[in-house]
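A short write-up of the structure that comes next.
The values are calculated or read from the model by the stated rules, or taken from the named source; none is laboratory data. This structure is a prediction, so every number in the text was calculated from the model and none was measured. Cβ atoms come from the backbone with ideal geometry, glycine included; neighbour counts cover every protein chain shown.
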Amino acid sequence: MGCLQKPIWNKFTREELNGLSIEAPEEAVRKQICKNWDGVAKPIDGMGRFETLTAQIGAIIGTDKIDISRKAVIIMCADNGIVTEGISQSGQEVTAAVAGKMAEKQSAVGKMAALIGADTIPVDIGINREESIEGVLNRKIRCGTGNFRKEPAMTEEEAIRAIAVGIDMVASCKEAGYHILATGEMGIGNTTTSSAVAAALLPCEVGQVTGRGAGLDDAGLSRKRQVIGEAILKYHLDKADALTVLATVGGLDIAGLAGVCMGGALFHVPIVLDGVISMVAALVAEHLLPGTKAFLLPSHKGKEPAVERLMRALGLEPVIDGRLALGEGTGAVMMFALLDMVLKVYSDRTTFADIEIEQYKRF
């Protein structure tokens, strides 16, 4: 099959994956940014968590002069064989159709990103079709995953290659001059794959992390939970490592986004997470490359029940609580806009001296 050819980004081994290491964000820069915020004419901690989030960004990039004017959303698009088990309202043809609209900037994330000057980069990492989609970056590992109820979703090699795609995307984006990136995804069935990975890695009961996705009825939700529970038992995933869990019940989009998170840590690029699929990918990344979570920023708290447990596991707290469930990176783009506004206050800061009043003191 043409989609199984191995271009350069697929030449990546488990040994190389295990040998990766990262340098922590710069604590001195974080402290300097917090000090700079205290000098802005406002009450101490008046910008709340945005002060610590901007300090985190500065620590990651290594300077208190923060510039995130060039930003992009990396949207991993892939199909999931588990769809054949009736766990979704939609068929796999929807993935390719929406990816095409993303390329035209006509999906939700494209319209939102255009409004704030962010770029969108849709990536075909595993759409179930041989033909390329115009405007979608072709990084296909295979044409969709297997049905994990009957067989592992992918091989370990394929999972590693998909991770390498994500790492490579961050390296390429940094070289192209992007300052901050966000995670997005498109793939029918990926709330099932993400719930399966979450249930295995957290670990917890399947029902605690499995929701209705794009709108399943009670019977559909029950089927979804059954399929996941059977797989965890069949493959003994409660005792498996993260890479095995990912390859067995995960998706190529999750693997690619795990690579994006790891790439952020490796190349010191802040990564804004979107919803539950991105958070599961982040959890995988943290297991594979400990310390990755220090380079990740939360955006929103979606409707899926796994979110709270995932956020606790990652030590993150969502900023936006709008019950979003669209995916694509839409919540992360909203976070981009909020960061732009906050950084305008920080970069053009009005000092207490400017308005001739005494500075507030931190006690």
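Selection of first residues in segment 209-233 that are over 18 Å from LEU326 (Cα atoms) and of second residues that are aromatic (Phe, Trp, Tyr), restricted to Cβ pairs under 8 Å at least 6 apart or on distinct chains, gives the following pairs, ordered by first then second residue: ALA231/PHE148. Scan segment 72-109 for residues that are touching a Gly at 6+ places or on another chain (Cβ under 8 Å) and not hydroxyl-bearing (Ser, Thr, Tyr) and the total you get is 21.
Are any residues in segment 302-312 part of a helix (DSSP H, G or I) and surrounded by 20 or more Cβ atoms within 10 Å (Cβ to Cβ), and if so, which ones? VAL307, LEU310, listed by residue number.
Among all residue pairs at least 6 apart or on different chains, which show Cβ distances below 7 Å where the first residue, located in segment 181-195, is more than 20 Å from ARG70 (Cα to Cα) and part of a loop (DSSP other than H, G, I, E, B) and the second is among the small types (Gly, Ala, Ser) and at pLDDT below 95? Note: pairs meeting the criteria are ILE188/SER88; ILE188/SER90; ILE188/GLY91; GLY189/SER88. I want to confirm something. Restricting to segment 193-213 and keeping residues that are β-branched (Val, Ile, Thr) and at pLDDT below 95, which single residue is nearest to ILE60 (Cα to Cα)? Among them, the one singled out is VAL209.
The selection criterion, being over 30 Å from MET341 (Cα atoms) and hydroxyl-bearing (Ser, Thr, Tyr), does not hold for SER172. A Cβ distance below 8 Å, combined with a sequence gap of six or more or placement on separate chains, defines the contacts here; from segment 6-25, residues that are over 18 Å from MET169 (Cα atoms) and charged (D, E, K, R) reach no residue that is modelled with pLDDT under 75 and assigned to a helix (DSSP H, G or I). Pairing residues of segment 282-304 that are closer than 17 Å to ALA240 by Cα and among the hydroxyl-bearing types (Ser, Thr, Tyr) with residues that are outside any helix (DSSP H, G or I) and at pLDDT below 95, at Cβ distances under 9 Å and at least 6 apart in sequence or on separate chains, gives no pairs at all. Here the condition is being outside any helix (DSSP H, G or I), touching a residue at least 60 places away in the same chain (Cβ under 8 Å) and more than 20 Å from ILE74 (Cβ to Cβ); of ARG362, ARG323, it holds for ARG362 alone. Name the single residue, out of those in segment 302-312 being aliphatic (A, V, I, L, M) and touching a helix residue (DSSP H, G or I) at 6+ places or on another chain (Cβ under 6 Å), that is modelled with the highest pLDDT. That would be LEU310. Just one of the listed residues (THR183, THR191) is crowded, with 24+ Cβ neighbours inside 10 Å and either over 17 Å from the mean Cα position of the chain (by Cα) or farther than 20 Å from ARG139 by Cα (or both), and it is THR191. Can you pull out every residue in segment 63-94 that is aliphatic (A, V, I, L, M) and in contact with a helix residue (DSSP H, G or I) (Cβ under 7 Å, 6 or more places away or on another chain)? Selection gives ILE66, ILE68, ALA72, VAL73, ILE74, ILE75, MET76, ALA78, ILE82, ILE87. Of all residues in segment 146-173, those that are buried (at least 18 other Cβ atoms within 10 Å of the Cβ), in contact with a helix residue (DSSP H, G or I) (Cβ under 8 Å, 6 or more places away or on another chain) and either of a type in the set (A, V, I, L, M, F, W, C) or within 21 Å of LEU273 (Cα to Cα) (or both) total 14. Test GLU157 against the criterion of being free of Cβ contacts under 8 Å to residues at least 12 places away in the same chain, assigned to a helix (DSSP H, G or I) and either touching a Lys or Arg at 6+ places or on another chain (Cβ under 9 Å) or over 17 Å from ALA255 (Cβ atoms) (or both), and give yes or no. So GLU157 fits the description; yes. From the list ALA294, ALA255, ALA265, the lone residue that is surrounded by fewer than 24 Cβ atoms within 10 Å (Cβ to Cβ) and small (Gly, Ala, Ser) is ALA294.
Taking the criterion of being among the charged types (D, E, K, R) and in contact with a strand residue (DSSP E or B) (Cβ under 9 Å, 6 or more places away or on another chain), the residues of segment 277-322 that qualify are GLU286, LYS301, ASP321.
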